[in-house]
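Inspection log for the structure reproduced underneath, given as structure tokens.
Laboratory data are not the source of any read-out in this text; all were calculated from the coordinates shown. Predicted, not measured: the structure shown is a model, and the values here were computed from it. Virtual Cβ from ideal backbone geometry, glycine too; neighbours counted across all protein chains shown.
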Amino acid sequence: MKQTLAVILALFLVGCGGSEDSGGSNGTKTGYLTFDGIAGLPYRTASQSGVTDELGRFHYLEGETISFYLGDIVFAQDIPTKPYLTVIDFDQDVVDQIDEGSQVRGMTDHTELVEAASKEQNIVNMTRLLFAITDPPEDKDSDDIALIYISGDVRAAAKAYSFSSPIIFDQDVGNFGSEDLPDNQENLFINYICEKLGQAACLNGGVKEMPASEQAETFGKSQSEDITSTIASKIFLSPRVFEINATDTRVYDVSITAVNLDLNIAELEVKTIDELPDSEGNFPDDPRSVVAIQYGSASNARFGFYATGESGQETSIIANIKLKGDYRWYKKSLRVRLR
């Protein structure tokens, strides 16, 4: 039995002020609707209601669900709240599929499933409609406001609009907003908004076109990537480099910590790069053994390893972290050198 020495390498959790899930004195938290923001979209939780602000922020209490709507259009109904939401999160069935994860180079990952989800026709069509009715203020710099901006004039027009039948988002992207189907509800709606706002596309009998599906797909994928990078940057293994004696029999205990983030780990995978396949998916016939993982604990946010190799060898340890209520996996690495 190896003697275990807890060499705890922790950063203290800094207060949550200014973080994406920071809240007020009444316990409310602040979330973002996409990374680049969807501003001006009405929302409702059990305790909060309003419109997303100029950066796409909304407020909620822990454990609440949230709905997003515009007039009679319901984009999301009672979906779980979290610090970042995207249009992909509007479809809980799709979220459940992503949450299962897929194996990518020997570890669980969400990226391929998110890319597939960004091409789901209902998600693409909702995103296209939101882009079609964006109406940013002329007196604001684009860097200071959300990418998609639903103005008060758009909200008022949408509230006054009467649908003869609901917009069907779950339809072929080639039919949704098609100029060959001018009487589709989405076409009638965006042109009504366009005319009410006096936009150039609708002047002199013109017709506003629905944005391309490729734009919506790129938006969905890029927003998730930016969110993943942002949250991952708040999670730490410290120090980034270990230098230990090859003859050392101790187990080194590594603590996973976070800054400006509620660190509640749901699942944890810890592997050395020597255990993982190459870019073509091939595992080494005779993998090196520089260090071995002794344990990994999601509930305690820590893992342990010990040296198994020879002096002069080095390797990396990958901690693959999935947070509670989040389908994304965040990978953090630690370098180990044997003296």
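Laid out as a table, the results:
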| quantity | calculated |
| --- | --- |
| Distance between modelled label sites at VAL104 and SER222, nm, 7 Å Cα→Cβ extension | 1.8 nm |
| Potential lengthening between SER299 and LYS271 on full extension [0.36 nm per residue; Cα-Cα distance subtracted] | 8.3 nm |
| Cubic angstrom per residue, convex hull over Cα atoms of the chain | 160 Å³ |
| Calculated FRET efficiency for the pair ASP262/LYS159, C-beta based, R₀ 30 Å, to 0.05 | 0.25 |
| ALA200-GLN92 FRET efficiency (beta carbon distance; Förster radius 35 Å; 0.05 resolution) | 0.35 |
| Out-of-range pairs (alpha-carbon distance over 30 Å; input LYS140/LYS324; LYS82/LYS208; LYS29/LYS332; LYS221/LYS322; LYS140/LYS331) | LYS140/LYS324; LYS82/LYS208; LYS140/LYS331 |
| Net charge of Cβ neighbours under 13 Å - reference PRO166; Lys, Arg +1; Asp, Glu -1 | -3 |
| Tensor-based shape of region 14-167 (alpha-carbon gyration tensor, a/c under 1.5 rounded, otherwise prolate or oblate) | oblate |
| Local electrostatic count, LYS332, Cβ distance below 11 Å [Lys/Arg +1, Asp/Glu -1] | +3 |
| Nearest 10 degrees, 0 to 90: helix 185-197 Cα axis against the chain principal axis | 70 degrees |
| Pairwise FRET efficiency - ALA116 versus LEU188, Cβ, R0 = 30 Å, nearest 0.05 | 0.45 |
